[in-house]
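Asks: Encoded as structure tokens, here's the structure I'll be asking about.
The values are calculated or read from the model by the stated rules, or taken from the named source; none is laboratory data. Small disclaimer: the values here were computed from a predicted structure and weren't measured. In this analysis, Cβ positions are derived from the backbone assuming ideal geometry, glycine residues included, and neighbour counts consider all displayed protein chains. Please note that ligands, DNA and RNA were not included when accessible areas were found on the heavy atoms of the full protein model with its side chains. Shrake-Rupley method; radii C 1.70, N 1.55, O 1.52, S 1.80 Å.
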Protein chains: 2
Amino acid sequence: MSVSASAPGKAILIGEHFVVENQPAIAIAINLRAHVTARESKNDKILIFSKNLGIKDYFSEGNINIKSPLYPIYYAAKEALKSLNIETSGLEIIIDSEIPPSAGMGSSAAVSVATIGAILKIYRRELNKEKISKIAYKAEEIVHGKPSGIDNTISTYGGSIIFRKSEGFLKLISNFSDVKVILADSEISRNTGNLVRKVLRLKNKYERIFDPLYYSAGHLAIEAAKAIENMDFERLGELMNINHGLLSAIGVSNRKLEELVYVARENGALGAKITGAGGGGFIVALCYKKDYENVFKALKKVSNRVFVCDISDKGII
Amino acid sequence: MSVSASAPGKAILIGEHFVVENQPAIAIAINLRAHVTARESKNDKILIFSKNLGIKDYFSEGNINIKSPLYPIYYAAKEALKSLNIETSGLEIIIDSEIPPSAGMGSSAAVSVATIGAILKIYRRELNKEKISKIAYKAEEIVHGKPSGIDNTISTYGGSIIFRKSEGFLKLISNFSDVKVILADSEISRNTGNLVRKVLRLKNKYERIFDPLYYSAGHLAIEAAKAIENMDFERLGELMNINHGLLSAIGVSNRKLEELVYVARENGALGAKITGAGGGGFIVALCYKKDYENVFKALKKVSNRVFVCDISDKGII
């Protein structure tokens, strides 16, 4: 019998890059989800098939290809089994994700979280969310090197969180039914790790200029958390716009990203900014529900991939 | 016999808006100049004719139209005469300026400074530069309400300066023969006073977010002054780019300005940013001389008014 689990992708509303240096950041879960279907199989292999990547791979004790793009998923599955004290058994894991990969939307973390969820369902067992998030974090380390931990956290818990590396996270209490988030693709690919290193190099070079920017970003996240809890989305949008300027200052914007950001703002978004590492990837725009169609239509004219999302309170299910 | 004097326009390389709250800023004089020709006349009126505005106006003791756009020039002329202890005599003042007005290039200050220069030449008298700049500042108060004082200073002294409201200015020692500055028009008009007020409102609303940005801008100006004195123009360009991000953060950028900035950077500029109040007006790009033609050509495709300038050491002459 096969079972299914899913976990959400995310967008960072405030604080990417600054979170790396232990400033707080704000992330939201969106209603684009990674779905994982799994079942036990008779052999002792773990088969992983990603419909999105069109890749299938087998892993077994003697045959672990750590260079496979599916290895982090295998790793998450194995770690989940270990936590449950389950001897390695054969598994078939099928991944079907609505979250665009390499887009700063936490696709890899969501797949790991959903994989763990599916394994729990197979064996009718439970792990607390803290443990699930921790296992997914380890898989993220394989994908990203030194992840902040924000992706696995938001994908596990859903909703919106304020997150700080040294202190963990707090789930924010709010109601997002009046707003939509729109994600638009710059269609420029980039390497997150390289961008993080580039920013840190610049921070090192201009310490006295960058340090205050990081403090400013930290206050932005704190103000944004309050705005979310007060459901003051106009204020949240304004804070996103300020944050975008800081991302421009640290050198991760470009002409296309600016075009997307200003098209969104000019057409009724409450705020719009780069989301994720920048240099390419997506922008996120926050809109009142009544205005989102205008923003969507305008963005569609300048981007081939535009997602209209709800902020979803559902984490792993 | 008529005499002529001239004074340069300016561009702010670092620190507009932040200078209002007493952070240091960097300005340069450019080789676009306001030219004033003047001579004594037989009557007791002061005639001012602006070729650029196509406006002519008479001022006399009993007939002072303070609403005339030429009134600040009359005021500068009168103050200069007063400083020289010259009884009001008749004057004809003809203004012919290469500096585009309302462009953040210090056109009004340059006209005032050149007017004072022409009056000094008529009477073969001298005033020190401090005094000239001070008179021009008073005329600027009529034009701008609460000017920072940066425009009259750079127009009087030329070259490049680091300026701080509470401390005055320091002329920087450098050699700009390897670089050009390119100014490109967004062709969007805006009101400087309104933009300054908008920024200060936002600063007031988000004090803990904005205060560090202002500190950051202050350090930018100090680093930029060092870069100028070391003739490290790559560093100066990088600092201009960071500054542009701060201007985006405080809400004075827009889609057209971003387009101009990134077109300049993508085509070889060392740095590019909004110059002046933003919301419209011009961007400034710094280029090595060997690269400026590329930048110029690319900007010409997206702007109808592009000026290639040298940084000019000549102030009032």
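Asks: Which of the following residues is buried (at least 24 other Cβ atoms within 10 Å of the Cβ) and either under 17 Å from residue A:192 (Cβ atoms) or acidic (Asp, Glu) (or both): A:257, A:299, A:246?
Replies: Residue meeting the stated conditions: A:257.
Asks: Report whether or not residue A:147 is open to solvent by less than 20 Å² (accessible area, probe 1.4 Å) and either more than 19 Å from residue A:22 (Cα to Cα) or charged (D, E, K, R) (or both).
Replies: no
Asks: Tell me which residues, restricted to the stretch B:1-30, are surrounded by fewer than 18 Cβ atoms within 10 Å (Cβ to Cβ) and polar (S, T, N, Q).
Replies: Narrowing the stretch B:1-30 to residues surrounded by fewer than 18 Cβ atoms within 10 Å (Cβ to Cβ): B:1-4, B:21-22.
Scanning the stretch B:1-30 gives B:2, B:4, B:22.
Asks: Name the residues in the stretch B:76-130 that are over 30 Å from residue B:190 (Cα atoms) and hydrophobic (A, V, I, L, M, F, W, C), would you?
Replies: If the condition is that a residue be over 30 Å from residue B:190 (Cα atoms) and hydrophobic (A, V, I, L, M, F, W, C), then B:80, B:81, B:84, B:86, B:91, B:118, B:119, B:120, B:122, B:127 are the ones that fit.
Asks: Considering each residue of the stretch B:120-144, count those that are without any contact (Cβ under 8 Å) to a residue 40 or more places away in the chain, open to solvent by 30 Å² or more (accessible area, probe 1.4 Å) and part of a helix (DSSP H, G or I), and give that number.
Replies: 4
Asks: Sort through A:178, A:185 and tell me the only one that's over 16 Å from residue A:19 (Cα atoms), more than 13 Å from chain B (Cβ to nearest Cβ) and in contact with a Pro (Cβ under 8 Å, 6 or more places away or on another chain).
Replies: A:185
Asks: Still on this structure: If you go through the stretch B:152-198 one residue at a time, how many are out of contact with any strand residue (DSSP E or B) (no Cβ under 6 Å at 6 or more places or on another chain), within 28 Å of residue B:263 (Cβ to Cβ) and crowded, with 23+ Cβ neighbours inside 10 Å?
Replies: Looking only at that region, the number is 1.
Asks: Next question, about the same structure. Can you tell me which residue among B:247, B:260, B:299, B:239 is in the same structural domain as residue B:194 (by TED's automatic domain parsing) and touching a Phe, Trp or Tyr at 6+ places or on another chain (Cβ under 8 Å)?
Replies: Being in the same structural domain as residue B:194 (by TED's automatic domain parsing) and touching a Phe, Trp or Tyr at 6+ places or on another chain (Cβ under 8 Å) holds for just one of B:247, B:260, B:299, B:239, which is B:239.
Asks: Can you spot a residue in the stretch B:220-228 that is closer than 17 Å to residue B:105 by Cβ, touching a Gly at 6+ places or on another chain (Cβ under 7 Å) and of a type in the set (Gly, Ala, Ser)?
Replies: First pass over the stretch B:220-228, keeping only residues closer than 17 Å to residue B:105 by Cβ: none.
No; the residues of the stretch B:220-228 include none that is closer than 17 Å to residue B:105 by Cβ, touching a Gly at 6+ places or on another chain (Cβ under 7 Å) and of a type in the set (Gly, Ala, Ser).
Asks: Now a separate question. Here is a list: A:133, A:155. Which entry is in contact with a Pro (Cβ under 9 Å, 6 or more places away or on another chain), at pLDDT 95 or above and closer than 21 Å to residue A:98 by Cα?
Replies: Numbers: A:133 fails: in contact with a Pro (Cβ under 9 Å, 6 or more places away or on another chain).
Exactly one residue qualifies, and that residue is A:155.
Asks: Hey, can you tell me all the residues within the stretch B:275-317 that are touching a helix residue (DSSP H, G or I) at 6+ places or on another chain (Cβ under 8 Å) and outside any loop (DSSP other than H, G, I, E, B)?
Replies: Within the stretch B:275-317, B:283, B:284, B:285, B:286, B:287, B:288, B:295, B:298, B:299, B:306, B:308 qualify.
Asks: Within the stretch A:120-141, work out how many residues are hydroxyl-bearing (Ser, Thr, Tyr) and closer than 15 Å to residue A:3 by Cβ.
Replies: Here the count works out to 1.
Asks: Would you confirm, using the coordinates I've provided, whether residue A:272 is open to solvent by 10 Å² or more (accessible area, probe 1.4 Å), in contact (Cβ under 8 Å) with a residue 12 or more places away in the chain and outside any loop (DSSP other than H, G, I, E, B)?
Replies: In short, no.
Asks: Let me ask something else about it. Out of the stretch A:58-77, which residues are surrounded by 20 or more Cβ atoms within 10 Å (Cβ to Cβ) and without any contact (Cβ under 8 Å) to a residue 60 or more places away in the chain?
Replies: The answer is A:59, A:70, A:74, A:77.
Asks: I'd like the residue in the stretch A:204-229 that is more than 11 Å from chain B (Cβ to nearest Cβ) and in contact (Cβ under 8 Å) with a residue 40 or more places away in the chain and, out of all such residues, is most open to solvent (accessible area, probe 1.4 Å).
Replies: A:229
Asks: Among the residues of the stretch A:231-243, write down those that are at the interface with chain B (Cβ under 10 Å from one of its Cβ atoms) and either open to solvent by 10 Å² or more (accessible area, probe 1.4 Å) or touching a Pro at 6+ places or on another chain (Cβ under 8 Å) (or both).
Replies: Hits for the stretch A:231-243 are A:235, A:238, A:241.
Asks: Of these, A:40, A:92, which one is more than 30 Å from residue A:212 (Cα to Cα), among the charged types (D, E, K, R) and at pLDDT 95 or above?
Replies: Testing whether each residue is more than 30 Å from residue A:212 (Cα to Cα), among the charged types (D, E, K, R) and at pLDDT 95 or above leaves just A:92.
Asks: Next question. Of everything in the stretch A:244-291 that's of a type in the set (S, T, N, Q) and closer than 28 Å to residue A:147 by Cβ, which residue is nearest to the other protein chains (Cβ to nearest Cβ)?
Replies: Here the answer is A:248.
Asks: Next question. Checking the structure you have, find out if any residue of the stretch B:131-150 is aromatic (Phe, Trp, Tyr) and not assigned by TED's automatic domain parsing to the domain that holds residue B:300.
Replies: Among the residues of the stretch B:131-150, at least one is aromatic (Phe, Trp, Tyr) and not assigned by TED's automatic domain parsing to the domain that holds residue B:300, which makes the answer yes.
Asks: Hey, which of the strands (runs of 3 or more DSSP E) in the stretch B:1-95, taking only ones fully inside, have at least 3 residues that are over 23 Å from the mean Cα position of the chain (by Cα)?
Replies: Those strands (runs of 3 or more DSSP E) span B:25-41, B:55-59.
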